[in-house]
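What follows is calculated from the coordinates using simple rules that are stated; it is not laboratory data. Nothing here was measured: the structure is a model prediction, and the numbers come from that model. With ideal geometry, Cβ positions are generated from the backbone for all residues, glycine too; neighbour counts draw on all protein chains shown.
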Amino acid sequence: GIQVEQSPPDLILQEGANSTLRCNFSDSVNNLQWFHQNPWGQLINLFYIPSGTKQNGRLSATTVATERYSLLYISSSQTTDSGVYFCAVASNFGNEKLTFGTGTRLTIIP
Amino acid sequence: DGGITQSPKYLFRKEGQNVTLSCEQNLNHDAMYWYRQDPGQGLRLIYYSQIVNDFQKGDIAEGYSVSREKKESFPLTVTSAQKNPTAFYLCASSPRQFYGYTFGSGTRLTVV
């Protein structure tokens, strides 16, 4: 099945800093989503972005499908941005099920 | 307000016992899912359902069972056949399969 690799595994930043999280995948995809899991376990969907660029406030995401990677940008980090960020993908050539990466744990220090 | 509710939040089970986790949604979503999360890991799909009275196995269905008798409800039973059931279980729903997820707040199951 498709492989998903996220980097870095852990990231610690001062409040106000910018960050870039990366998701590499092993096959061409027709579905790619970014999720945030807060420290209490609640997951929310951030972006559906199988290709192109999207922005939502301080967050933006870019997927370069031909090179099999996606980037999540967080600008002017706040402590509420802390948690784990997951990338999930579905291959063009398999079934539609999403495969999740192991996540990037982001800690924002006041 | 529409949402998805999982209960209980914490559950303790003795070895050899079956236990059922509840998941209810009032978002009128067709698709529902159960995921398992282990510490430091991503989510792994246990079962999913697109419509009432139909469901499919995910990647780690062994030792689990589900039912979908109503659109709003998708309970998960962790059976005694599941060798390592201690984990965080997440239920989700979406209007379209594998797109537009809303997650519940999770159930943390511990086998004692």
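Key figures
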read-out	value
Region B:1-49: trypsin sites (Lys or Arg not before Pro) falling in loop per DSSP and having at most 16 other Cβ within 10 Å	B:Lys9, B:Lys14
Residue (of B:Val19, B:Tyr48, B:Cys91) at the positive-pole extreme of region B:7-112, dipole from beta-carbon charges	B:Val19
Whole-Å distance, taken between Cα centres, linking region A:27-52 and region B:1-62	19
Whichever aspartates and glutamates have a C-alpha closer than 20 Å to that of B:Lys83, once near sequence neighbours (fewer than 8 apart) are set aside	B:Glu15, B:Asp38, B:Asp59, B:Glu62
Sequence-distant lysines (8 or more away, or on other chains) whose Cα lies within less than 17 Å of A:Lys97	B:Lys57
Region B:30-86: Cα Rg divided by the 2.2 N^0.38 Å rule of thumb	1.12
Chain A: relative contact order as a whole-number percent, Cα under 8 Å and 6+ apart	38
Dimensions (Å) - region B:54-112, Cα atoms, principal axes, largest first	36, 23, 21
Relative contact order (percent, whole number), chain B, Cα cutoff 8 Å, 6+ residue spacing	35
Footprinting exposure proxy for B:Val111, B:Val66 (fewest neighbouring C-beta atoms within 10 Å first)	B:Val111, B:Val66
Descending principal axes extents, the protein assembly as shown, alpha-carbon based, whole Å	48, 40, 36
Base-10 log of normalised Debye intensity for chain A (one unit scatterer per alpha-carbon) at q = 0.14, 0.20, 0.24 Å⁻¹	-0.50, -0.99, -1.35
